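Undergrad: Sharing a structure with you now.
The values are calculated or read from the model by the stated rules, or taken from the named source; none is laboratory data. Since we're looking at a predicted model, the values are computed, not measured. Using ideal geometry, Cβ is built from the backbone for each residue, glycine included, and neighbour counts are taken over all protein chains shown.
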Amino acid sequence: PMTEIRHSSSKTSVGMGILTTISAIAVSYFVGVVIIPVLFSFFLFILLDPLVNWFDRRKISRKFTSPIVLLFFISMSILVGWAGYIVRGLNSALAIITTAFLIPILTLFLLLEKEYLSSQLRLAIEPTVSLGFLTREVSRMVRSFFFGKFSGGTRYFRWIFFTLFSLGVR
């Protein structure tokens, strides 16, 4: 009888593991509509914050420059065609609405409330991690990644353009 109890509890733990995995996948699928825009907002914040800081050092308020910098970035994205690329990758109306509204609003919030958020994060994390070092390094890595990809994409575009042009393809 003892082996039967161990055998059934082993089946139960395997069943619970499978059920937990399926539940995690299902939750990830539905929460992805919100998580991806939140992560994209953090990426935009890291990308645009140096420009807002540049204006801030010249005594122009963050409350004034943050919306202008964000609108400038969004308009450049539309002109370059990134916005169309992002919208084509979305597969539902909820994803489009979330992307169109959540990303700019959350990015603007992060740009405007940077000082408050960093002070709260510093209170929570500073005893265990050097937050200043971590912030500088992550910001540097994200900007390097973005500008490296931009630079590589620009070189690739020029190479394709000149190759097609030299072949007479128009």
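Undergrad: Considering region 130-159 alone, what residues qualify as being farther than 17 Å from Phe42 by Cβ, surrounded by 11 or more Cβ atoms within 10 Å (Cβ to Cβ) and more than 17 Å from the chain's Cα centre (by Cα)?
TA: Ser130, Gly132, listed by residue number.
Undergrad: Quick one: in region 15-65, of everything that is among the charged types (D, E, K, R) and part of a helix (DSSP H, G or I), which residue is nearest to Leu110 (Cα to Cα)?
TA: Just the residues of region 15-65 that are among the charged types (D, E, K, R), to begin with: 49, 56-59, 62-63.
Cutting the leftovers down to part of a helix (DSSP H, G or I) gives us 49, 56-57, 62-63.
Working: Asp49: 9, Asp56: 15, Arg57: 18, Arg62: 11, Lys63: 11 Å.
Filtering first and then ranking leaves Asp49.
Undergrad: Consider only pairs whose beta carbons are under 6 Å apart and that are at least six residues apart or on different chains; among these, list those whose first residue lies in region 66-82 and is at pLDDT below 80 and whose second residue is surrounded by 16 or more Cβ atoms within 10 Å (Cβ to Cβ) and of a type outside the set (Ser, Thr, Tyr).
TA: Ser77/Ala83
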